[in-house]
1. Can you list the DSSP H helices in the chain whose Cα atoms extend at least 18 Å along the helix axis and whose mean Kyte-Doolittle hydropathy is -1.0 or higher?
2. Expected output is a single nm value to one decimal: the length gained when fully extending between L166 and R190, i.e. 0.36 nm times separation in residues minus the C-alpha distance. What is it?
3. With the other protein chains left in place, how much accessible area per residue, in square angstrom, belongs to segment 68-191 at a 1.4 angstrom probe?
4. Between V76, G168, T8, whose Cα lies farthest towards the positive end of the dipole of the chain when Lys and Arg beta carbons carry +1 and Asp and Glu beta carbons carry -1, centred on the Cα centre?
5. Pop out the carbon and sulfur fraction of the accessible area of the chain as a percent, whole number, probe 1.4 Å.
6. Hand me the GluC sites (Glu not before Pro) from segment 84-191 located in a DSSP loop with no more than 12 other Cβ atoms within 10 Å, in residue order please.
7. Specify the inter-centroid distance of segment 7-52 and segment 112-135, based on alpha-carbon positions, in whole Å.
8. Leaving ligands and nucleic acids out of the surface, order I178, I25, I37, I5 by accessible area at 1.4 Å, largest first.
Amino acid sequence: MSQAILRTDRIKLFPLSDEHLEHEIELDADPEVMRYITGRARSREEVEVFHRQRLAAAGRVAGLGFWAGFVEGQFVGWWILEPPTRVGQGPIEGQAELGYRLLRRCWRQGLASEGARELVRHGFEDLRLTRVFAETMAVNTASRATMTAIGMQHVRTFHLDWEEPLPGSHLGEVEYAITREQWLAYQATRA
């Protein structure tokens, strides 16, 4: 199964491709967007390396990968559902990590949660996943609010070894997750 094109009321999510590279460069060039990821903007060369890795993610597990999001034909950011890649993230089978990154001008419009909600739906309904999780720095309150808004629950706080610690990294990382059963119950409350 290849990646599907997904849609919400406002967002069209297309499987990431080479035609999206310039958008990724714009996104990662903003140090505020990258504040809780690298703490600095990425160079074009760095983004090109990550672009290849993002494209490769779609080949690891059928149906998973990165999606470029557009509202009224304008790029707003990307969303991911990818298999766990780091030790300690649990078994790969049946679960995926959710992520999102939006252009700063698209913040605080509900787009992160709208796209994330669609990827979680896709994961559970179309791909038959059993669990979706997301991680961020504990100090990233905006991302944590997005996770909560889509029904995810805090699972744990943990610490990573940072070569160059970011401000707030001493407070750790957080993992939020939702199982298919929790998602079905959450959907019933929204109906």
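The values are calculated or read from the model by the stated rules, or taken from the named source; none is laboratory data. Everything quoted here is computed from the prediction, not taken from an experiment. Glycine also receives a Cβ, built like all others from the backbone with ideal geometry; neighbour counts cover every protein chain displayed. Note: areas computed on protein heavy atoms with side chains; ligands, DNA, RNA excluded. Shrake-Rupley method; radii C 1.70, N 1.55, O 1.52, S 1.80 Å.
1. Numbers: long enough: 44-57 (20 Å, -0.86).
Those that pass (Cα extent of 18 Å or more, hydropathy at least -1.0) are 44-57.
2. Result: 4.9 nm gained on full extension.
3. 50 Å²
4. Working it through, the farthest residue towards the positive pole turns out to be T8.
5. 52 percent
6. E93, E163
7. That distance is 20 Å.
8. Working: I178 0, I25 25, I37 65, I5 90 Å².
In descending accessible area the options line up as I5, I37, I25, I178.
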